[in-house]
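Q: There's a structure below that I have some questions on.
Taken together, the values in this text are just the output of simple stated rules run on the coordinates, not laboratory data. Because the structure is predicted, anything quoted here is derived from the model rather than measured. We place every Cβ from the backbone using ideal geometry, glycine too, and count neighbours over all the protein chains shown.
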Amino acid sequence: MLTWDAFLLPTAFAVFSLFPIFLHRATFSQLMGKIQSLFERNIIFLFFICLLLLLLNGRVWDALAAYAGMDDTQRVAQSAAEIALVPLLGILFILFSAGAEEMLFRGTLQNYMGLMGSAVLFALLHVGYGSIAEVLGALGAGIILGIVRERGKSIFPGMLAHALYNLFIVFALLPF
């Protein structure tokens, strides 16, 4: 079962890395203008926002599944344990699979199918885990990654956020 405290450190890191933006005194509209400007220009900012949204998305779907009594993430945890059997290969697999998924879904298919079409197909790719929570979480992640790709006009912030998110999840699911 995915625990909330496993998300605490990466979420705190993502939030506090954005803190300097809010340090200077400004009106709300000036602050929102600055954030909008960063969204349009800053790939690093997009990466942090994307990672934060992916973590929040995963947390929300996990909580909703648990609340509905559909905590069906055992196969996802089993896959994480299998990936971790050979740590270096597991990490490389996670990084390269996230990169490949981003190149396929956001880099190519989003151009032809649109944001929602590629997000739905991305979610369907996750049916193999046998987890409704996983599929719905992947749908949310596909939408987030697609929006970040459109805003930043690049797949790289989403690619990096996707890879780190997957690493966080694998380590969160491992029994220590």
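Q: Report the local net charge at G114: Lys and Arg +1, Asp and Glu -1, summed over other residues whose C-beta lies under 13 Å from its C-beta. Show your work: numbers first, answer last.
A: Working: positive: R106, R149; negative: E150.
Once all neighbours under 13 Å are counted, the net charge is +1.
Q: Report the local net charge at A161: Lys and Arg +1, Asp and Glu -1, summed over other residues whose C-beta lies under 14 Å from its C-beta. Before the final figure, lay out each step's value.
A: Numbers: positive: R106, R149, R151; negative: E101, E102.
So the surrounding residues net to +1.
Q: When a/c is below 1.5 the answer is rounded, else prolate if a/b is larger than b/c, else oblate, so apply that to segment 96-176 with a ≥ b ≥ c taken from the square roots of the Cα gyration tensor eigenvalues. Let's see the in-between values first.
A: Details: a/c = 2.22, a/b = 1.39, b/c = 1.60.
Oblate, because a/c is 1.5 or more while a/b does not exceed b/c.
Q: Measure off 7 Å from each Cα along the Cα-to-Cβ vector at F171 and L92, then give the distance between these two points in nanometres to one decimal.
A: In this crude label model, F171 to L92 measures out at 2.0 nm.
Q: Let me ask something else. Sorting check: for 110-117, 161-168, which peptide has the highest mean count of neighbouring beta carbons within 10 Å, and how do the rest follow?
A: On the way: 110-117: 14.0, 161-168: 22.4.
Sorting 110-117, 161-168 by mean packing, highest first, produces 161-168, 110-117.
Q: Once you sort the root eigenvalues of the Cα gyration tensor of segment 136-175 as a ≥ b ≥ c, which label holds: rounded (a/c under 1.5), prolate (a/b larger than b/c) or oblate (the other case)? Walk me through the intermediate numbers first.
A: On the way: a/c = 5.26, a/b = 1.84, b/c = 2.86.
Cα axes put segment 136-175 in the oblate bin.
Q: Run the paramagnetic zone check for V60: 7 angstrom along Cα to Cβ, then residues of segment 96-136 with backbone nitrogen under 13 Å.
A: Hits in segment 96-136 for V60 at 13 Å: 136.
Q: Fully extended, how many nm does the chain gain between V120 and M70 (0.36 nm per residue separation, minus their Cα-Cα distance)?
A: Values: separation 50, 0.36 × 50 = 18.00 nm, distance 2.08 nm.
The V120-M70 span can extend by a further 15.9 nm.
Q: While we're here: Order 128-141, 55-68 from most to least packed using the mean count of other Cβ atoms within 10 Å.
A: On the way: 128-141: 20.1, 55-68: 16.9.
The packing order, highest mean first, is 128-141, 55-68.
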